[in-house]
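Let me begin by presenting the structure, written as structure tokens, before commenting on it.
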Amino acid sequence: MDKHKLKAAMKGDKFNALERILGVKRVAISRRLNGHMDFELSEIQKIAKHYDFSEQQINEIFFAS
């Protein structure tokens, strides 16, 4: 997961917007962004839909190493 690419693609939103989009607490977002947990596929889908990410953006943000 590349949190810098995610931040750049979020159209100016802060990471706390992910709390609202995913319905999880800040600590859960922090764990995912810092690599302690992976985003679930359903969470990636919600984020991608909300920000209208292309398949390429999804791959670059969530699956590139």
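Observations on the model:
- Taking the chain as a Gaussian network of alpha-carbon nodes connected by springs under 10 Å, the highest mean-square fluctuation of the residues LEU41, LEU22, LEU33 belongs to LEU41.
- At q = 0.13, 0.14, 0.15 Å⁻¹, base-10 log of I(q)/I(0) for the chain (Debye sum, equal scatterers on each alpha carbon): -0.28, -0.33, -0.39
- Spin-label model distance (nm) - ARG20 vs MET37, 7 Å beyond Cα toward Cβ: 2.1 nm
- A probe of 1.4 angstrom, applied to the heavy atoms of all protein chains, finds GLU19 with accessible area near 40 square angstrom.
- Partner lysines for LYS7 [C-alpha distance under 17 Å; skip if fewer than 8 residues away on the same chain]: LYS46, LYS49
- Label separation (LYS7 vs ASN59): 2.6 nm, computed from points 7 Å beyond Cα along the C-beta direction.
The values are calculated or read from the model by the stated rules, or taken from the named source; none is laboratory data. Because the structure is predicted, anything quoted here is derived from the model rather than measured. FYI the Cβ positions are ideal-geometry reconstructions off the backbone, even for glycines, and counts take in every protein chain you see. In case anyone asks, the SASA skips ligands and DNA or RNA and just uses the protein heavy atoms, side chains included. Shrake-Rupley method; radii C 1.70, N 1.55, O 1.52, S 1.80 Å.
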